[in-house]
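What follows is a set of notes on a single structure, which appears directly below.
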Amino acid sequence: MIGPPLVRVVRGQRILTPEGIAPASIHIDQGRISRVASVDDVAASGSMVLDAGDLLVLPGLVDTHVHVNEPGRTEWEGFETATRAAAAGGVTTLLDMPLNSIPATTTATALAEKVAAARGKTWVDVGFIGGVVPGNADALGGLARAGVLALKCFLVPSGVAEFPQVTEPDLREALPIIAGLDLPLMVHAELPAVIEAATLEAAAGDPTAYATYLASRPPAAEHEAIALVMELAAASQARVHIVHVSSPESARLVANGRSRGVRVSAETCPHYLFFAATDVPNGATEFKCAPPIRTSEDRDGLWAALAAGDIDMVVSDHSPCPLGMKRRDVGDFFIAWGGIASLQLGASVIWTAMRARGIPIESLANWMCAAPARLVGLGARKGRIAPGYDADLVVVDPDADVTVHAGMLFHRHPISPYVGRRLRGAVEAVYVRGVLAFDRSTGPAEIPPGELMGVRVTNHRNRAAEI
Ligand SMILES: [Zn+2]
């Protein structure tokens with residue numbers, strides 16, 4: 001479909017609002033939804049009406065776990081390529097992780113560098129996450145004032161030297177400060193001791209066999225880390241969020257903590273919900289991530305945890321790198337960069353799996369739109385089609401049948417374990433605050449419509465907004 005560059009009304013037979021899917025017209029004023037009315041209520045809006053017909057209209061996805069890597073490692077991804085891919089995948093808001101860029105976003109000065117790098121180059125709205133590393137507790141208040149929407153730390157080595165992991169004493173120092181700032185602390189929860197011991201044991205195995213890599217990162221590393229984080233969160237009353245849960249037992253630990261009053265939430269990612277360890281061919285390092293893709297029983301358990309509400313959301317953990325770093329030449333899982341590129345594909349991947357499991361599309365809007373928006377303080381502005389919300393709208397053909405090929409990917413590097421997979425659903429048109437960001441027939445819009453959220457910087461091309 002070719003949509004108008006700016007819309008005042010989006011109408012259709014299948015509009016997904018918090019009340020369900022029904023015929024409706026969405027009226028837009030200055031980038032916000034002013035009202036949702038009957039489908040025929042479109043008088044006097046002229047050429048600025050988009051009629052989606054029988055296609056599905058969803059709220060734009062909110063992806064709170066994206067590694068853009070700019071500045072400093074722009075050859076890995078970058079704001080331009082990442083946000084074009086996001087738009088093509090129906091993601092209208094993304095949050096950039098504080099690591100893999102240089103500098104890492106661990107001070108307000110580093111955030112300013114990142115904002116300068118992103119300005120004018122974002123096809124979707126972008127917010128920023130600050131980093132918690134050993135010794136930067138004093139910088140967290142400055143990061144919050146400069147506009148980060150969340151914080152992030154690692155309990156295991158992150159893979160890059162400039163973003164070291166924190167230990168229990170570091171967390172005991174930082175968490176009371178974070179509680180005072182009322183920002184969520186996103187935690188990569190795996191403990192190094194468990195992994196070091198398991199890696200020693202696995203060392204005799206074939207490093208190109210996925211099973212060897214899987215054995216080196218057992219679920220116990222995740223479970224013990226989550227138990228520690230929840231104990232510290234309970235003591236400090238800080239809000240914690242467990243990123244990329246790969247094991248159903250982790251979800252149970254989170255649910256138990258929540259029932260005891262710990263302020264904890266959790267996410268999982270498309271790759272843990274779509275693949276199982278037995279799907280990974282030897283040497284196929286495009287599947288490498290940490291924690292690893294586990295068994296099909298684990299995968300089923302994660303779907304059950306989502307259905308039960310023990311896991312709150314699904315976000316990408318898009319973490320790309322240049323092809324050479326995946327070391328497909330040797331296929332060694334232990335030296336390849338860990339990270340799966342999926343920003344453009346998450347919605348289709350999850351929808352494909354949901355269809356197979358008989359789960360209705362409304363759940364996708366909860367897991368990939370509303371819940372992540374709430375996590376980072378955007379719950380009153382993003383993630384729903386309702387009056388007062390930003391007019392971030394995605395027109396989808398849910399029945400389309402698409403085989404992923406490298407040429408359709410807008411990521412800087414078209415490497416992804418989904419290449420060659422048949423997926424259901426296609427994103428037809430994407431609007432960010434009422435402005436066309438992507439159209440399937442013409443590609444990304446010429447002028448990037450994205451804003452930088454939360455930060456206190458303005459400029460001509462890309463107005464940064466105070467939220
Ligand atoms: Zn990540």
Worksheet item: Does residue 43 qualify as being without any contact (Cβ under 8 Å) to a residue 24 or more places away in the chain, away from the ligand (no atom under 16 Å from the Cβ) and more than 22 Å from the chain's Cα centre (by Cα)?
Response: yes
Worksheet, complete the sentence: How many residues of the stretch 60-74 are outside any loop (DSSP other than H, G, I, E, B), within 15 Å of the ligand (Cβ to nearest atom) and β-branched (Val, Ile, Thr)? The answer is 2
Worksheet item: Does the stretch 162-220 hold any residues that are farther than 14 Å from residue 290 by Cα, more than 16 Å from the ligand (Cβ to nearest atom) and outside any helix (DSSP H, G or I), and which are they?
Response: 167, 182, 183, 203, 204, 205, 206, 207, 208, 209
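Is the stretch 22-30 home to any residue that is among the polar types (S, T, N, Q) and closer than 23 Å to residue 380 by Cβ?
Taking the stretch 22-30 and keeping what is among the polar types (S, T, N, Q), we get 25, 30.
This time we only want the ones that are closer than 23 Å to residue 380 by Cβ, so: 25, 30.
For the stretch 22-30, residues among the polar types (S, T, N, Q) and closer than 23 Å to residue 380 by Cβ: present.
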Item to complete: Kindly provide the set of residues from the stretch 165-197 that are surrounded by fewer than 19 Cβ atoms within 10 Å (Cβ to Cβ) and not hydrophobic (A, V, I, L, M, F, W, C), ordered by number.
Response: 165, 167, 168, 169, 172, 173, 176, 180, 182, 192, 196
Worksheet item: Among the residues of the stretch 36-54, which ones are over 11 Å from residue 11 (Cβ atoms) and surrounded by 14 or more Cβ atoms within 10 Å (Cβ to Cβ)?
Response: 48
Item to complete: Would you mind stating whether residue 399 is away from the ligand (no atom under 16 Å from the Cβ), under 23 Å from residue 35 (Cα atoms) and charged (D, E, K, R)?
Response: no
Worksheet item: Of the residues 305, 347, 353, 380, which single one is over 28 Å from residue 83 (Cα atoms) and away from the ligand (no atom under 16 Å from the Cβ)?
Response: 305
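Report yes if some residue within the stretch 254-266 is in contact with a helix residue (DSSP H, G or I) (Cβ under 8 Å, 6 or more places away or on another chain) and under 30 Å from residue 328 (Cβ atoms); otherwise report no.
No.
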Worksheet item: Yes or no: residue 93 out of contact with any helix residue (DSSP H, G or I) (no Cβ under 6 Å at 6 or more places or on another chain) and more than 26 Å from residue 370 (Cβ to Cβ)?
Response: no
Practice prompt. Filter the stretch 223-252 for residues that are buried (at least 20 other Cβ atoms within 10 Å of the Cβ) and free of Cβ contacts under 8 Å to residues at least 40 places away in the same chain and give the result.
Written response: 226, 230
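Starting from residues that are among the hydrophobic types (A, V, I, L, M, F, W, C) and within 16 Å of the ligand (Cβ to nearest atom), keep the ones in the stretch 241-272 and report whichever is nearest to residue 344 (Cα to Cα).
For the stretch 241-272, the residue satisfying everything is 269.
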Worksheet item: Could you list, in sequence order, the residues of the stretch 86-107 that are more than 16 Å from the ligand (Cβ to nearest atom), crowded, with 20+ Cβ neighbours inside 10 Å and of a type outside the set (Val, Ile, Thr)?
Response: 87, 88, 89, 90
Item to complete: Determine whether the stretch 114-136 contains at least one residue that is within 16 Å of the ligand (Cβ to nearest atom), crowded, with 21+ Cβ neighbours inside 10 Å, at pLDDT 95 or above and among the acidic types (Asp, Glu).
Response: no
Discussion item. Which numbered condition in (1) over 24 Å from the mean Cα position of the chain (by Cα); (2) among the charged types (D, E, K, R); (3) farther than 23 Å from residue 368 by Cβ is the only one that residue 73 fails?
Written reply: (1)
Worksheet item: Looking only at residues in the stretch 273-292 that are under 17 Å from the mean Cα position of the chain (by Cα) and within 21 Å of residue 347 (Cβ to Cβ), which one is nearest to the ligand (Cβ to nearest atom)?
Response: 289
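Determine which member of the set 377, 450, 420 is buried (at least 23 other Cβ atoms within 10 Å of the Cβ) and either assigned to a loop (DSSP other than H, G, I, E, B) or not hydrophobic (A, V, I, L, M, F, W, C) (or both).
Details: 377 fails: buried (at least 23 other Cβ atoms within 10 Å of the Cβ); 420 fails: buried (at least 23 other Cβ atoms within 10 Å of the Cβ).
After applying the criteria, what remains is 450.
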Response to the item:
Going through the stretch 31-59 in order, the residues found to be touching an Asp or Glu at 6+ places or on another chain (Cβ under 7 Å) and assigned to a strand (DSSP E or B) are 32, 59
Fill in: Hits in the stretch 1-23 - residues which are in contact (Cβ under 8 Å) with a residue 40 or more places away in the chain and in a strand (DSSP E or B)
6, 9, 10, 11, 12, 13, 14, 15, 16, 17, 20, 21
Practice prompt. Name every residue in the stretch 253-300 that is touching a residue at least 24 places away in the same chain (Cβ under 8 Å) and of a type in the set (Ser, Thr, Tyr), in order of residue number.
Written response: 265, 268, 272, 285
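The values are calculated or read from the model by the stated rules, or taken from the named source; none is laboratory data. Quick caveat: nothing in here was measured; it's all calculated off a predicted structure. Heads up, the Cβs are rebuilt from the backbone with ideal geometry, glycines too, and the neighbour counts pull from every protein chain shown.
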